[in-house]
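Take a look at the structure set out below.
The values are calculated or read from the model by the stated rules, or taken from the named source; none is laboratory data. In this text the structure is predicted, and so the values were computed from the model without any measurement. Positions of Cβ are generated from backbone atoms using ideal geometry, with glycine treated the same way; all protein chains shown enter the neighbour counts. Accessible surface is based on the protein model in full, side chains and every heavy atom, while ligands, DNA and RNA are left aside. Shrake-Rupley method; radii C 1.70, N 1.55, O 1.52, S 1.80 Å.
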Number of protein chains: 2
Amino acid sequence: MAETDQALPLSDQLAAMNLTDTVEKHAFSDRVLIRSIVGRPDGGAGLAGQRVRAGGWVKTGREQGKGTFAFLELNDGSCPASLQVIVDAGLAVLSKLVATGTCVVVDGILKVPPEGTRQKIELRVEKVVSVGEVDPAKYPIPKTKLTLEFLRDHLHLRARTNTIAAIARIRNALAFATHSFFQEHNFLYVHTPILTTSDCEGAGEMFQVTTLISESEKLEKELIKNPPPSEVDIEAARQVVSERGEAVKQLKAAKASKSEITASVAELNKAKENLSKLEERSKLKPGIPKKDGKIDYTQDFFARQAFLTVSGQLQVETYACAVSNVYTFGPTFRAEHSHTSRHLAEFWMVEPEITFADLQDDMNCAEAYVKYMCNWLLDRCLDDMLFMAKSYDKGCIDRLRMVASIPFVRISYTEAVELLEEAVRGGKKFENEVKWGIDLASEHERYLTEVKFQKPVIVYNYPKGIKAFYMRLNDDLKTVAAMDVLVPKVGELIGGSQREERYEVIRERILEVGLPLEPYEWYLDLRRYGTVKHCGFGLGFERMILFATGIENIRDVIPFPRYPGRADL
Amino acid sequence: MAETDQALPLSDQLAAMNLTDTVEKHAFSDRVLIRSIVGRPDGGAGLAGQRVRAGGWVKTGREQGKGTFAFLELNDGSCPASLQVIVDAGLAVLSKLVATGTCVVVDGILKVPPEGTRQKIELRVEKVVSVGEVDPAKYPIPKTKLTLEFLRDHLHLRARTNTIAAIARIRNALAFATHSFFQEHNFLYVHTPILTTSDCEGAGEMFQVTTLISESEKLEKELIKNPPPSEVDIEAARQVVSERGEAVKQLKAAKASKSEITASVAELNKAKENLSKLEERSKLKPGIPKKDGKIDYTQDFFARQAFLTVSGQLQVETYACAVSNVYTFGPTFRAEHSHTSRHLAEFWMVEPEITFADLQDDMNCAEAYVKYMCNWLLDRCLDDMLFMAKSYDKGCIDRLRMVASIPFVRISYTEAVELLEEAVRGGKKFENEVKWGIDLASEHERYLTEVKFQKPVIVYNYPKGIKAFYMRLNDDLKTVAAMDVLVPKVGELIGGSQREERYEVIRERILEVGLPLEPYEWYLDLRRYGTVKHCGFGLGFERMILFATGIENIRDVIPFPRYPGRADL
């Protein structure tokens, strides 16, 4: 703060910073957020004298002054910074407060600390309201340098670390930025299904969803408890039926009383009912139901085979072709046995679909969206970004600034291949051969964005042979109107295309790639009836977080990572 | 518009309404949104003279003036209202434009229509840019009154109807309202997992997720193509190994040349390799892998049994106990064979978790959230709400206003039961018996909110016997700090509780309800280390849409409904 400001009365200084000198309690708690104190531009100094209740977990604590008081760094997750709290020995057993991870709620008065300390404000405790203790000898994540790998084995506690908490705030910010961007641009959020009977790309590698196994296990248990009747049991029951039938006949022949006959008929009916129940149960067989040697999916929950979605695109197109611009943002799944740092079995995707729009519009939207997210983080998560820059990737903030401000390079696939070939001629070594027609490998993408241009690159118009059937065939009949957005640090961040809206062309393409038409009849209907020019793309949400934070492993940027062999909690 | 206004120049009139006299094209398209014309307070009148490109689908079309021109009602899904478009016969074959469902993109000039027409503005077409035709004889959803049941058999086209489009906009609005509410109140959005190995309530009825079936089918096919080796094949291979071994021995004994011996050893190794491959393949068995008579889940994708989540609550608590206030908003699943109008196999839930907060805070948050959503719809979706009021539920707007403005009634479960008993004494008939200890049935809930109070009611402190183990035990040791929010039209909208934060108590409760401790050890850790007072609730998102719109069947308020026997697309 400049010296002239210091001369102003406090209230005027605060007004100049647009700050009040009171701190609001949280709407649904009796505490205040620590961010509303230490997250202020003045570091909380303007709040000196205020009485507040604060709650959080101890990051570090230490007894001082021969045990007469304790310093606690209290963090409640609302921001990376902690509040310094001072507790006198008379208020609590200090040794029970200082362990890392202890949860403490305190009432106190905010004071400006002595000159020369880092903090701008500290809380002098008047009352310790509650303590959730930690036995440091048993605490699985004590205050030592823990690796991200180690933390993956403690998913339920890892959000208590500075890194995972900062990632959680950045992830939250990017999610809300996503919604804000599309809402501002008049896109409707559509919840596409997780359970699906369509396979978007015909690519396989889907998780199956079923109740057949649990139903058959239930039946198996039931049959052990109540074994099915044997042939002897059934024969005996048949015998009873015939005896009872005989009895009725004899009573009728003997002209017995009506009540006698009625009773006898009732007995006969009971015997018949028993027989049919036994016959029914004798048909029950343990194991998954089969028909003609194959699993009988008509007995599954949805009366057919069902899977977890790999993309909501095809389904969301039904809305794009009805209410125009839409987007999905939800979990998607791949049952791939990939053990890389870039793949998850469950991950989140953002998939907008833009109607009355072509590939240029698609690229414009993708670029605007990525820039919007970068600006959002710079504006609202700078404290967390500073933490990531300090701890993981010193270039991450500059990268955000660069991407937010520089126009993305746009080159055709053919140009991209030429540039790569030029690089090879210049001595650059790639593991994968470069020639027109190949799918660009990660090394090629990263060369283009990190070495050649050192900025985001959009590659468009790919050979049709390496792309999906629904991408619009260009007039050259060799390429399709697809585009990928490549960014430094992660390579491909976005993949998209203009969709083939011509009925005859897309029908041919389905057959050409060897897919059956029948499962796509509904998709073809969108082209049969009132077809419309449209395009869209998919952004892997975790990739965006990797790009923003510089974290290396995708398992660390999703709260509960799922990958081969692991689905903890 | 008052007469005095008419006297003002147009620009001043527009300024008074905060309107400009130009219409902006969409950021990622060359068209304008129809809402930006007809959705203006002046109905678009102020835009007369503007040249625009508009695109949309024909709601109704008719040729007029002996085929010299056509009227089209064009709708692009951006609002319920359509734009009236007039096309002269010279510009296109009019018969190809007028069918309902036709997609039309046109350039034209906005004009004020003749006096006495309903529209405030219409588009005089200068050029027909593109047409996506419809053969009305084949179109599955022609312009007749279609029932919602019928539309459920045409999921891919139903968003083209006024009703499903209005629901889509309302659903979108409620989703963004949800994010806005929690973001404004400093909650972090956390993506809890869809795939889980935990069963939140121990209630069963979960969908299983597996790759065992597809892997075994793949293997089966492979074994048909390449049958596994027989015992004879293996014996033959063993014979070869032994012969090659003998040959090596003989060459060595005969002191053959080094190259001869090396070649012979290579032959031996090849034979050994072949044998071990055959032995390996002979172990392959079609069918799902088993061990000790049970399915061997160590061979499944996650090396254990995995399911679709029924709730993200337990997992999100790990974040609540680390970074304080959080919420989830995602799909959840129940494999229940319910064929009611209130149940889906896949539905979306909003689950906030409030830290340093108790049951009162929980109720305050739930009430504030519901009111916020009601106000959001009244402020931003009034046109769609007017449509719902006109077409489905004339009371729906008043209901939103009432819920937004009136404080919710709060009564304990015990009081609720007394009120129900009083009603029974007064002659009210319920199908389910009323006495302390029962779980309130839907008829009881609706009596309280629709008849007794005629406003939202929060019932709290339920008997522990009918509630989940994680709800906080009250001091009476008979009830738990649970609460349900009941609203007119749907009954239970929200269920929540303060969570049991005391380690010993929750451990006892788990055992008391007969659950094993082991799967909950991670959940117990949250209480072992730095435990904190917290609470939360779940809102069934589709229930909220039913409440808002008055639609009767939950299958009509989610884009792609999943229920027993059906998972279209």
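For the reader, a short list of remarks on this structure follows.
- Candidate set from the range A:329-378 (those that are more than 27 Å from A:L148 (Cβ to Cβ) and away from every other protein chain (no Cβ under 12 Å)); member that is nearest to the chain's Cα centre (by Cα): A:E351
- Checking each residue in the range B:435-477 for being acidic (D, E) and not in a loop (DSSP other than H, G, I, E, B) picks out B:E443, B:E445, B:E450.
- Scanning the range B:170-190 for residues that are open to solvent by 10 Å² or more (accessible area, probe 1.4 Å), in contact with a Ser or Thr (Cβ under 7 Å, 6 or more places away or on another chain) and either assigned by the TED database to the domain that holds B:S391 or basic (K, R) (or both) turns up at least one hit.
- Being touching a Pro at 6+ places or on another chain (Cβ under 7 Å), among the aliphatic types (A, V, I, L, M) and more than 14 Å from chain B (Cβ to nearest Cβ) holds for only one residue in A:L284, A:L268, and it is A:L284.
- The range A:119-161: number of residues that are of a type outside the set (A, V, I, L, M), within 23 Å of B:R527 (Cβ to Cβ) and outside any strand (DSSP E or B): 16
- Selection from the range A:308-328 of residues that are more than 9 Å from chain B (Cβ to nearest Cβ) and part of a strand (DSSP E or B): A:Y327, A:T328
- Within the range A:82-101, the set of residues being assigned to a loop (DSSP other than H, G, I, E, B), open to solvent by 20 Å² or more (accessible area, probe 1.4 Å) and within 12 Å of A:R62 (Cα to Cα) comprises A:V98, A:T100.
- Test set (1) assigned to a helix (DSSP H, G or I); (2) open to solvent by 10 Å² or more (accessible area, probe 1.4 Å); (3) under 28 Å from B:T196 (Cβ atoms) - B:W376 fails condition number: (3)
- Scan of the range B:34-43 for residues that are small (G, A, S) and at pLDDT 95 or above, ordered by number: B:S36
- The range B:295-322: number of residues that are more than 26 Å from the chain's Cα centre (by Cα), in contact (Cβ under 8 Å) with a residue 12 or more places away in the chain and surrounded by 24 or more Cβ atoms within 10 Å (Cβ to Cβ): 1
- Subset of the range B:407-421 [under 26 Å from B:C374 (Cα atoms) and open to solvent by 50 Å² or more (accessible area, probe 1.4 Å)]: B:P407, B:R410
- Of all residues making up the range B:16-49, the number that are surrounded by 14 or more Cβ atoms within 10 Å (Cβ to Cβ), outside any loop (DSSP other than H, G, I, E, B) and not polar (S, T, N, Q): 7
- Subset of the range A:502-537 that is open to solvent by 30 Å² or more (accessible area, probe 1.4 Å), within 14 Å of another protein chain (Cβ to nearest Cβ) and of a type in the set (D, E) - its residue that is nearest to B:V129 (Cα to Cα): A:E504
- For the range B:439-452, residues that are closer than 16 Å to B:T414 by Cβ and open to solvent by less than 30 Å² (accessible area, probe 1.4 Å) total 4.
- Pair list, Cβ under 6 Å, 6 or more apart: the range A:106-130 residue farther than 17 Å from A:F69 by Cα and touching a residue at least 12 places away in the same chain (Cβ under 8 Å), other residue part of a strand (DSSP E or B) and among the polar types (S, T, N, Q): A:Q119/A:Q84
- Members of the range B:116-155 found to be within 10 Å of chain A (Cβ to nearest Cβ) and either at positive phi or among the aliphatic types (A, V, I, L, M) (or both), listed by number: B:V129, B:V131, B:V134, B:I141, B:L155
- Restricting attention to the range A:511-536, the residues that are closer than 26 Å to B:A99 by Cβ and not in a loop (DSSP other than H, G, I, E, B) total 11.
- When the range A:250-294 is filtered for residues that are among the charged types (D, E, K, R), within 18 Å of A:A236 (Cβ to Cβ) and over 54 Å from the mean Cα position of the chain (by Cα), the ones remaining, listed by number, are A:E267, A:K270, A:K272.
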